[in-house]
1. If a/c stays under 1.5 just call it rounded; otherwise compare a/b with b/c (prolate if a/b is bigger, oblate if not). Do that for the chain, with a ≥ b ≥ c from the square roots of the Cα gyration tensor eigenvalues.
2. If you count only protein heavy atoms with a 1.4 Å probe, what accessible area per residue comes out for the range 17-343, rounded to a whole Å²?
3. For the Cα atoms of the chain, what angle does the longest principal axis make with the long axis of helix 50-60, in degrees from 0 to 90, nearest 10?
4. Using 17 Å as the cut-off for backbone N distance, which residues of the range 28-67 belong to the label zone defined by a point 7 Å from the Cα of D310 along Cα→Cβ?
5. Modelled label-to-label distance, D115 and Q227, 7 Å Cα→beta-carbon offset: nm?
6. How far is helix 308-320 tilted off the main Cα axis of the chain, in degrees rounded to 10, range 0 to 90?
7. Using alpha-carbon positions, what is the distance between the centroids of the range 90-135 and the range 297-345, in Å?
8. With each pseudo-label sitting 7 Å past Cα toward Cβ, what's the S274-E327 distance in nm, one decimal?
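The values are calculated or read from the model by the stated rules, or taken from the named source; none is laboratory data. It should be emphasised that the depicted structure is a prediction, and the values quoted were computed from it without experimental measurement. Here the Cβ positions follow ideal geometry from the backbone for every residue, glycine too, while neighbour counts run over all protein chains shown. Just so you know, the surface numbers come from the protein's heavy atoms only, side chains and all, with ligands and any DNA or RNA stripped out. Shrake-Rupley method; radii C 1.70, N 1.55, O 1.52, S 1.80 Å.
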Amino acid sequence: MLPQLPLLDTFGRLHNNLRISVTDRCNIRCFYCMPAEDVQFMEKSELLSFEEIERIVRVAVPLGIDKLRLTGGEPLVRRELPRLVEKLAAIPGIKDVGLTTNGILLAEHAQDLYDAGLRRINVSLDALTPEKFKKFTRRDGFERVIEGIQAAQRAGFQPVKINAVSVRGLTEEEIVPFGHFARETGVDVRFIEYMPLDADNLWERDKVLFAQEIIDILSASIMPLVQVPHGHPSTPKTSPDPDDNAGPAENMVFQDGVGRIGFIASVSQPFCLSCNRIRLTADGKLRNCLFSLDETDLRGLVRGQGTNADIAAAIRASVLAKSEGHEINTARFIQPSRPMHSIGG
Ligand code: SAM
Ligand code: SF4
């Protein structure tokens, strides 16, 4: 297919980044994402097959999508995930396939994923003790996640990144241990401010531990953190992706150059105006924002009479309808009915 006009929205934002959820199921129950009990999962028949995902990506590439991330739910509970990675990494025009995982099953799969062409991996880990881990996830499994991180490093992923959701009242005592962990292991640690996407609707702004507070604690307790400037020579050493700093993370490093810490300050410093992402849910709905209240049904097109041109037009229309930004910090905010595990974080 010939290249077409890029995916530009009405605010001038160019979209090259597609996040693909492969399941809404998960083997743990993080309180900021899933309900504790009685989760209504999608039927298997509702999920896009690997072939359907591949078709949508092949349509999206000529529109300018060149970066993919697989997510969920927990993507590693979907069987044969390396087969999907291989299919997607082989599509001409795709520069990069990443994965976000809770790490529980990573030790078993890290090498297969690497061999299939995956190069970027983010492991979600909110705490550095088994007890605190369970407070976030309502399940055991801390040791397995640590083993998963080590297996990913051995398999060749460089860097492995940790995502830690920052929640007031829980995260404070993890901050300094995470700082030391980043310095000792070479893993990049990124704190993500807790967002209103929990299934139980318990989010409040007061429960978010803000990025600046974490920066202050790390700087006072270990040593000052300094910004990694865009294009800084230290960036390629740890990040093979030249676009890495174009994402929502503010990347910092301790003053002596050892230990990289990132911040995704979605609540205190929204980055909507530089957002380049769209999202495909496991049941084939395209969302132009995490907080969007509308979706575009691509599965209906893929399984019905939709041509590739129809799918491309639907993707373009979704991007054109994208709002300027989320309204978390206003009284107008309405939480989407899908919680995070069903959207794909
Ligand atoms: N299960 C995988 C995992 O946990 O990495 C992938 C899906 S998860 C929904 C993707 C990311 O979203 C994780 O890093 C998770 O911590 C983050 N996340 C989930 N709910 C969140 C929330 N309410 N606020 C901020 N981040 C959240
Ligand atoms: Fe599962 Fe990831 Fe949601 Fe935690 S954040 S419940 S690991 S999908």
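1. It is rounded, given that a/c, with a ≥ b ≥ c, falls under 1.5.
2. 42 Å²
3. 80 degrees
4. Zone members listed by number: 52-53, 55-57, 59-60.
5. Once both label points are built, they end up 4.4 nm from each other.
6. Value to nearest ten degrees: 50.
7. 25 Å
8. Result: 2.6 nm between the two label points.
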